[in-house]
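Written below as structure tokens is the structure these notes are about.
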């Protein structure tokens, strides 16, 4: 894939998986042997769509109005870097604590 195609793929990931809650996109994009590192509280990796789907459902259950904006994206060869921000409100009890109703703002970057 070209850098442009990889960037568009990552934009699709954030739009469909996180903003729209389309878990089918996880199955469409994430390789069966794909590994996510740094998402879980205990630091353990997420392996493949089978583990990533419940993670997304849990986060979206706690923050159903999550809205991620890709602020910047670029790449070289087979690598893509994204800078993104997210706004959300803690409305669900899915993270082992009662919902606070408080808004959250998050800024981060991700290299894939």
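The values are calculated or read from the model by the stated rules, or taken from the named source; none is laboratory data. Because the structure is predicted, anything quoted here is derived from the model rather than measured. All Cβ positions, even for glycine, are placed from backbone atoms using ideal geometry, and neighbour counts span all protein chains on display.
Is there a residue being more than 26 Å from residue 103 (Cβ to Cβ) and touching a residue at least 24 places away in the same chain (Cβ under 8 Å) anywhere in region 10-25?
No, because not a single residue in region 10-25 is more than 26 Å from residue 103 (Cβ to Cβ) and touching a residue at least 24 places away in the same chain (Cβ under 8 Å).
Kindly provide the set of residues from region 50-68 that are in contact with a strand residue (DSSP E or B) (Cβ under 7 Å, 6 or more places away or on another chain) and closer than 19 Å to residue 29 by Cβ, ordered by number. Please lay out each step first, then the result.
Here is the first cut: in region 50-68, the ones in contact with a strand residue (DSSP E or B) (Cβ under 7 Å, 6 or more places away or on another chain) are 52, 55, 63, 65-68.
Passing the criteria: 52, 55, 66, 68.
Considering only region 1-27, state which residues are outside any helix (DSSP H, G or I) and at pLDDT 95 or above.
To start, the set of residues in region 1-27 that are outside any helix (DSSP H, G or I) comprises 1-2, 20-22.
Matches in region 1-27: 20, 21, 22.
Return a yes/no flag: does region 28-39 have any residue that is at pLDDT 95 or above, surrounded by 17 or more Cβ atoms within 10 Å (Cβ to Cβ), out of contact with any strand residue (DSSP E or B) (no Cβ under 9 Å at 6 or more places or on another chain) and part of a helix (DSSP H, G or I).
no
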